[in-house]
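Just so it is clear, none of the values below were taken in a lab; they were calculated from the coordinates. Just so it is clear, the structure is predicted and the values come from calculations on it, not from any experiment. Glycine gets a Cβ as well: all are built from the backbone with ideal geometry, and neighbour counts include every protein chain shown.
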Amino acid sequence: MGWSFADRVYWVTGAFGALGAATVTRLADAGAHVIASSRHVDDKRFADFPRVVPLAVDVADDDSVRAAFAHIEERFDRLDGLVVSTNVAAFGDFLDLTDDDWQRVIDAKLLGSVRPIRAALPRFIEQARGAIVAISGRGGIAPPPNHFPGSSVNAALDLLVQGLGRRYGPHGVRVNAVAPGPIRSPRFDAMATAQVEDEPTRLTALDGPGTPEDVAAAVAYLLSDDARFVTGTRLYVDGGGPPYA
Ligand SMILES: NC(=O)c1ccc[n+]([C@@H]2O[C@H](COP(=O)([O-])OP(=O)(O)OC[C@H]3O[C@@H](n4cnc5c(N)ncnc54)[C@H](OP(=O)(O)O)[C@@H]3O)[C@@H](O)[C@H]2O)c1
């Protein structure tokens, strides 16, 4: 199913990653203007989508995030929604991961989601309309043994989404999470390489792994008006999780 986002304006962080990029193209295909941000931007990546505006932003730096939001305000004077999809890789056994590994994940994903949400939320409250989607992850309820930092942050992000949904629902702002399971991407390959126990032969009840486009479709739904009564929740895109043997 396709939703129309004609002339709407969305900000996607982590936009040059696998899931962020699929989300950007999904929204742009549906007529949206999309601010596509990450630390490193490639002007050619979305060259086929004239409504996509690449913007270099470091979500680990609050000044960078606030400057980006000011830029969006100035350029579009409109923002309909925000998708936060940043992370850095920190895969490995618990005993091998350092404070620095944990800190980088917290800064890129947990605080890296908090900062753009905090920057955009006042506008959404003021206009009594806005949709926020955070990409968390299935690890938030079932942490793989090589992925404790990311999984812990996913759980925190899901809880934050639940709290924000209830806190700002009365202001017309919806806040939800999409929790992907294994999705075919460089990140998925990196995680598989760092596995600390045998991978099951079949990862998911439905045939998987999924694709970035599967995640983008869920994001599009949660941003759409069809999700007008949905907030504070987490939508799994995980092929049903590991199957029973
Ligand atoms: N792929 C999967 O199988 C899977 C499964 C479950 C959950 N997830 C979650 O889904 C989200 C997206 O995953 P993905 O596979 O698309 O990851 P990805 O390909 O590694 O992309 C992550 C993006 O985050 C950006 N980023 C990292 N640190 C940043 C910072 N400080 N400031 C701004 N941008 C930053 C990266 O770009 P720069 O380096 O240029 O900044 C990159 O664009 C992540 O939160 C991940 O944990 C993914």
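Observations on the structure shown:
- Pro145 meets the conditions (1) buried (at least 24 other Cβ atoms within 10 Å of the Cβ); (2) not in a helix (DSSP H, G or I) in every case but one. The failed one is (1).
- Restricting Ala60, Ala22, Ala67 to those that are within 27 Å of Gly165 (Cα to Cα), part of a loop (DSSP other than H, G, I, E, B) and within 14 Å of the ligand (Cβ to nearest atom) reduces the list to Ala60.
- Test for Thr98: is it hydroxyl-bearing (Ser, Thr, Tyr), out of contact with any strand residue (DSSP E or B) (no Cβ under 7 Å at 6 or more places or on another chain) and at negative phi: yes
- Check on Val88, outside any helix (DSSP H, G or I), within 12 Å of the ligand (Cβ to nearest atom), more than 24 Å from Tyr168 (Cβ to Cβ) and in contact (Cβ under 8 Å) with a residue 12 or more places away in the chain: yes
- Hey, Phe16 aromatic (Phe, Trp, Tyr), under 25 Å from Pro209 (Cβ atoms), near the ligand (Cβ under 9 Å from one of its atoms) and not in a strand (DSSP E or B) or not: yes
- One residue stands out among those in segment 54-105 that are over 25 Å from Glu126 (Cα atoms) and charged (D, E, K, R): the one that is farthest from the chain's Cα centre (by Cα), which is Asp96.
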